[in-house]
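Taking it in order: structure first as structure tokens, then the write-up.
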Amino acid sequence: MAVTFRFAVEQDTPLILNFIKELADYEHMLDQVVADEATLADQLFQKKNAEVLFALENGREVGFALFFHNFSTFLGRSGLYLEDLYVRPDCRGKGYGKAILQKLVSIALERGCGRMEWWCLDWNEPSIDFYRSLGAEPMSDWTVYRLTGYTLKNLAETPGS
């Protein structure tokens with residue numbers, strides 16, 4: 001396996017959206033993808049809210065990771081949050097997922113991050129097994145909460161008590 005990496009540039013926006021849709025399809029969530037090329041270009045390359053790293057095999061993009069920085073008040077340092085990691089089905093089992101994670105860990109360390117975190121769907125046993133094999137630990141004592149759409153807007157518009 002001769003994997004190389006490159007950071008995405010704005011011209012990659014259609015490719016990024018394609019990877020997002022492939023991942024969403026794998027996760028049975030394709031109907032939830034509302035991102036479009038204009039939004040991704042604005043958020044990733046104009047506002048720089050996240051970064052995309054591609055894994056390449058012989059110059060062909062075979063996987064991607066979308067990540068951004070968060071902050072740990074306890075550590076007093078930023079962390080690297082991995083939003084998406086995806087390797088195309090025909091390229092799985094070749095070590096690309098591990099190579100992507102190793103590259104992200106290197107980036108986190110180079111940037112002085114105190115940790116790296118991500119979520120994984122409870123049913124995704126192959127990924128869970130893979131992450132555990134690398135030494136990653138599930139955060140079973142934490143529950144994720146989310147506000148989106150109407151509830152997000154409604155809370156913002158609700159007068160204080």
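The values are calculated or read from the model by the stated rules, or taken from the named source; none is laboratory data. None of the values given here were measured: they were computed from a predicted structure. We place every Cβ from the backbone using ideal geometry, glycine too, and count neighbours over all the protein chains shown.
When the stretch 15-47 is filtered for residues that are out of contact with any strand residue (DSSP E or B) (no Cβ under 7 Å at 6 or more places or on another chain) and either of a type in the set (Asp, Glu) or not in a helix (DSSP H, G or I) (or both), the ones remaining, listed by number, are Asp25, Glu27, His28, Met29, Asp31, Val33, Val34, Ala35, Asp36, Glu37, Asp42, Lys47.
Across the stretch 63-83, the qualifying residues are those that are in contact (Cβ under 8 Å) with a residue 40 or more places away in the chain and surrounded by fewer than 18 Cβ atoms within 10 Å (Cβ to Cβ), and the one among them that is nearest to Gln102 (Cα to Cα) is His69. Take the conditions (1) in a helix (DSSP H, G or I); (2) under 23 Å from Tyr96 (Cβ atoms); Arg6 misses just one of them, which is (1).
Identify all residues within the stretch 30-52 that are surrounded by 12 or more Cβ atoms within 10 Å (Cβ to Cβ), closer than 25 Å to Asn70 by Cβ and without any contact (Cβ under 8 Å) to a residue 40 or more places away in the chain; write none if there are none. Val33, Ala35, Thr39, Leu40, Ala41, Asp42, Gln43, Leu44, Phe45, Ala50, listed by residue number. So is Asp122 exposed (fewer than 15 other Cβ atoms within 10 Å of the Cβ), closer than 30 Å to Ala2 by Cβ, among the acidic types (Asp, Glu) and modelled with pLDDT under 95 or not? So Asp122 fails the test. Filtered by the rule that a residue be touching a residue at least 12 places away in the same chain (Cβ under 8 Å), more than 17 Å from the chain's Cα centre (by Cα) and more than 18 Å from Phe7 (Cα to Cα), the stretch 91-119 gives Cys91, Lys94, Gly95, Gly112, Gly114.
Of all the numbered requirements in (1) among the hydrophobic types (A, V, I, L, M, F, W, C); (2) buried (at least 19 other Cβ atoms within 10 Å of the Cβ); (3) over 17 Å from Cys91 (Cα atoms), Ala55 misses one, and that requirement is (3). Listed by first and then second residue, the pairs linking a residue in the stretch 124-152 that is under 23 Å from Tyr26 (Cβ atoms) to a residue that is of a type outside the set (Phe, Trp, Tyr) and surrounded by 11 or more Cβ atoms within 10 Å (Cβ to Cβ), with Cβ atoms under 6 Å apart and 6 or more places separating them unless they lie on different chains, are Ser127/Cys120; Ile128/Cys120.
Checked against the criterion of being among the acidic types (Asp, Glu), assigned to a loop (DSSP other than H, G, I, E, B) and out of contact with any Lys or Arg (no Cβ under 7 Å at 6 or more places or on another chain), the stretch 48-57 contains not a single residue that satisfies it. For the stretch 4-30, a residue qualifies if it is of a type in the set (A, V, I, L, M, F, W, C) and more than 13 Å from Ala41 (Cα to Cα), and the qualifying residues are Phe5, Phe7, Phe19, Ile20, Leu23, Ala24, Met29, Leu30.
Candidates Arg88, Arg60, Arg6: the one that is more than 13 Å from the chain's Cα centre (by Cα), basic (Lys, Arg) and buried (at least 17 other Cβ atoms within 10 Å of the Cβ) is Arg88.
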